[in-house]
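Novice: Here it is, the structure, as structure tokens.
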Amino acid sequence: MSGEDTPSPTPGPPPPEGGAAKEPSQPSAPSFSERLYRLWTVTKDLLSVKNVVLALMVLVIVVVGLTRGWDTALAEVENEASHTALGEEFAAGPFTLTVNDATIDDDCLDAFGDYPQCLRVIFTATNTSDRAIEDSAFATHLLDSGMLSLEEDGERIPTALPHPRIERALDGLTQGAYQPGIPGDYTAIWAVPAATQTCDVNLIVRDATWVKSALDGHHYWRVDDPLTVITLCGEKSWQNR
């Protein structure tokens with residue numbers, strides 16, 4: 001035998017009372033309230049504001065795709081608008097309007113390039129509100145800012161500018177503020193393509209609503225959905241007179 005000491009074995013843990021070691025117990029199933037809490041946690045994360053907004057955006061894109069785009073959806077809304085005859089008075093936003101006549105010619109300052117002629121819509125307007133309708137930081141003229149547009153066979157007619165220029169019939173100057181209660185005769189002018197020569201052209205008039213801004217509390221006129229459709233053809237035909 002060698003002279004070195006042999007280390008004694010390290011004693012293990014004492015066996016549990018009753019003999020052999022017991023197997024670890026299985027975890028108990030979660031209670032009904034615990035399952036509800038876990039479900040609520042997952043649902044709350046899925047229904048966050050960000051996720052809801054993203055889902056709505058995807059839904060809008062899908063709907064627009066299925067309905068063949070914004071133009072088709074707009075045409076369907078316009079088809080639901082009422083129809084008004086030339087010379088008939090109607091209310092739209094803060095105005096009463098009467099569309100009297102329409103002409104088309106190639107002798108106008110607005111015509112250029114692919115838009116060599118001008119379509120002119122002659123109308124009477126009266127501001128029936130208690131305040132002037134004017135361009136400012138918080139307002140627009142409305143009639144030259146989205147209330148009036150043109151379509152042909154259910155589609156928007158391309159124009160040189162998105163909105164018409166409004167002239168006073170009295171002197172041909174650009175219209176300023178529409179004063180309350182004072183009627184006036186005006187001309188809305190669009191530069192249009194050369195092929196625009198048909199009585200199928202419709203004037204689309206949108207409504208306008210007096211609303212309050214959620215941002216800073218100021219009030220303003222908001223252009224809304226199409227209100228009426230006027231076919232620019234009739235006894236006062238505008239066939240290049």
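Novice: Rank these residues by their accessible area, most exposed first, probe 1.4 Å: 38, 222.
Specialist: Details: 38 140, 222 105 Å².
Largest accessible area first, the list is 38, 222.
Novice: Working with all protein chains in place, sort 122, 104 by solvent-accessible area computed with a 1.4 Å probe, largest first. Present the calculation step by step, with values, prior to reporting the outcome.
Specialist: On the way: 122 50, 104 5 Å².
In descending accessible area the options line up as 122, 104.
Novice: Sticking with this structure for a sec: Rank these residues by their accessible area, most exposed first, probe 1.4 Å: 80, 167, 134, 155.
Specialist: Details: 80 155, 167 35, 134 90, 155 125 Å².
So, going from the largest accessible area down, we get 80, 155, 134, 167.
Novice: According to a simple spin-label model (label point 7 Å from Cα along Cα-to-Cβ), what is the distance in nm between residue 220 and residue 109?
Specialist: It works out to 2.8 nm between the two label points.
The values are calculated or read from the model by the stated rules, or taken from the named source; none is laboratory data. All figures in this text were calculated on a predicted structure; none of them were measured in a lab. Every residue, glycine as well, gets a Cβ built from its backbone with ideal geometry; the counts of neighbours run over all protein chains shown. With ligands, DNA and RNA removed, areas are computed over all heavy atoms of the protein, side chains included. Shrake-Rupley method; radii C 1.70, N 1.55, O 1.52, S 1.80 Å.
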